[in-house]
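The values are calculated or read from the model by the stated rules, or taken from the named source; none is laboratory data. No experiment lies behind these values; they were computed from the predicted model shown. Neighbour counts run over all protein chains shown; Cβ positions are idealised from the backbone, glycine included. Calculation scope for accessible area: heavy atoms of the full protein, side chains included, ligands and nucleic acids excluded. Shrake-Rupley method; radii C 1.70, N 1.55, O 1.52, S 1.80 Å.
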Amino acid sequence: MSASGGTKAIVAALVANLSIAAAKFVAFLFSGSSSMLAESVHSLADSGNQGLLLLGGKKAQREATPQHPFGYGRERYIYAFLVSIVLFSVGGMFAIYEGYEKIHDPHAIEAWYWPVGVLVFAIIAETFSFRTAIKESNALRGKLSWTQFVRRAKAPELPVVLLEDLGALVGLFLALGGVGLALLTGNGVWDGIGTLCIGILLIVIAIVLAAETKSLLLGEAAGLEDIEKIKAATVDGDTVTRIIHMRTLHLGPEELLVAAKIAVERHESAQEVAEAINAAEARIREAVPIARVIYLEPDIYRESAAPASASPSPADPPAGDTH
């Protein structure tokens with residue numbers, strides 16, 4: 001996933017959320033609507049989240065150091081995980097608290113045109129932000145469904161912005177419904193119910209984001225398509241005859257580590273093996289450009305030495321082929 005595409009979607013979301021947060025807070029001051037207060041905090045939290053994503057992207061660009069020899073690419077995962085925490089605590093829990101208070105102590109909405117007008121404006125602005133995120137995501141997701149794209153994307157920015165914008169749009173309609181019912185019935189409890197629904201929605205989205213970014217933090221292998229490309233590029237059928245076993249790991253969204261034990265012919269000299277490894281590394285980088293860290297270990301393949309208890313990864317051949 002390109003950093004430029006993610007950055008464009010983040011900036012669009014940041015501009016939209018800052019303007020919406022200010023408008024919602026003004027509407028709360030004039031109307032006293034708890035939905036407006038919850039939504040203004042939600043938009044403010046979203047703005048902070050976009051700031052975290054931009055900060056994570058900036059920190060991830062630092063050069064590798066002796067203490068961190070594989071670089072800082074995973075900073076983007078850490079800041080995406082922080083986004084889920086902020087969304088859960090500042091957005092979700094605050095909205096639930098406000099909804100609970102409004103249900104137990106309801107009061108009428110004053111100056112109804114403020115919350116209604118701001119909500120309509122916010123829906124338009126969030127739709128623009130959501131449209132930008134969809135456009136940038138469509139350029140990358142290919143034939144994947146939206147669910148598959150969110151679950152398989154190695155770069156966290158676009159999935160985070162997509163889910164945030166989707167949650168914001170649904171939350172705005174919930175707020176509009178709560179305010180509308182409160183105005184129609186004259187009962188402020190509906191405003192509190194709308195606020196409570198917004199809080200539950202934000203917590204659900206935060207849990208989904210936390211689960212997905214946790215998987216990235218733990219370390220995910222390359223996608224199946226990239227694994228097949230790496231396998232095909234490694235074996236030349238001459239010096240490198242097969243892959244005995246292989247492991248891949250994303251060091252960041254756009255940096256992949258490849259470690260493999262490869263089978264070479266018994267009669268090859270050390271120089272021939274070294275040249276074959278260098279050629280294999282070049283082929284791998286050409287096939288999968290993000291494979292920047294490659295370790296290939298030569299060995300002599302002996303099927304009889306394969307351990308029966310081997311537990312191959314999705315990148316491995318059957319257990320009988322393991323050295």
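On inspection, A12 passes the criterion of being of a type in the set (G, A, S), surrounded by fewer than 23 Cβ atoms within 10 Å (Cβ to Cβ) and either modelled with pLDDT of 85 or more or part of a helix (DSSP H, G or I) (or both). Evaluating A23 against the criteria (1) among the aliphatic types (A, V, I, L, M); (2) under 19 Å from A155 (Cα atoms); (3) at pLDDT below 90 leaves one unmet condition, (2). In segment 74-108, the residue that is most open to solvent (accessible area, probe 1.4 Å) out of those that are among the charged types (D, E, K, R) and part of a helix (DSSP H, G or I) is E101. Selection of segment 147-160 for residues being over 9 Å from the mean Cα position of the chain (by Cα) and either surrounded by 21 or more Cβ atoms within 10 Å (Cβ to Cβ) or among the hydrophobic types (A, V, I, L, M, F, W, C) (or both) yields only F149.
From A175, A139, which residue is more than 30 Å from L249 (Cβ to Cβ) and small (G, A, S)? Checking each option against the conditions leaves just A175.
Under the condition of being open to solvent by 40 Å² or more (accessible area, probe 1.4 Å), without any contact (Cβ under 8 Å) to a residue 40 or more places away in the chain and not in a loop (DSSP other than H, G, I, E, B), the residues counted in segment 53-73 number 3. The requirement of being without any contact (Cβ under 8 Å) to a residue 60 or more places away in the chain, open to solvent by less than 30 Å² (accessible area, probe 1.4 Å) and farther than 30 Å from L82 by Cα is fulfilled nowhere in segment 243-253; no residue meets it. Residues that are of a type in the set (V, I, T) and open to solvent by less than 20 Å² (accessible area, probe 1.4 Å) within segment 114-131 comprise just one, V118.
Identification of strands (runs of 3 or more DSSP E) wholly contained in segment 220-311 with 1 or more residues that are more than 22 Å from E63 (Cα to Cα), within 25 Å of the chain's Cα centre (by Cα) and modelled with pLDDT under 90 yields no element. Residue check: A111 meets all listed conditions (1) in contact (Cβ under 8 Å) with a residue 24 or more places away in the chain; (2) surrounded by fewer than 15 Cβ atoms within 10 Å (Cβ to Cβ); (3) hydrophobic (A, V, I, L, M, F, W, C); (4) assigned to a helix (DSSP H, G or I) but one, namely (4). Scanning segment 222-242 for residues that are in contact with a strand residue (DSSP E or B) (Cβ under 7 Å, 6 or more places away or on another chain) and surrounded by fewer than 19 Cβ atoms within 10 Å (Cβ to Cβ) returns K231, V235, T241, R242. Taken together, L144, L172, L184, L163 contain a single residue that is part of a helix (DSSP H, G or I), of a type in the set (A, V, I, L, M, F, W, C) and open to solvent by 40 Å² or more (accessible area, probe 1.4 Å), which is L184.
Just give me the residues in segment 89-134 being under 30 Å from V150 (Cβ atoms) and among the small types (G, A, S), in sequence order. Across segment 89-134, the qualifying residues are S89, G91, G92, A95, G99, A122, A125, S129, A133.
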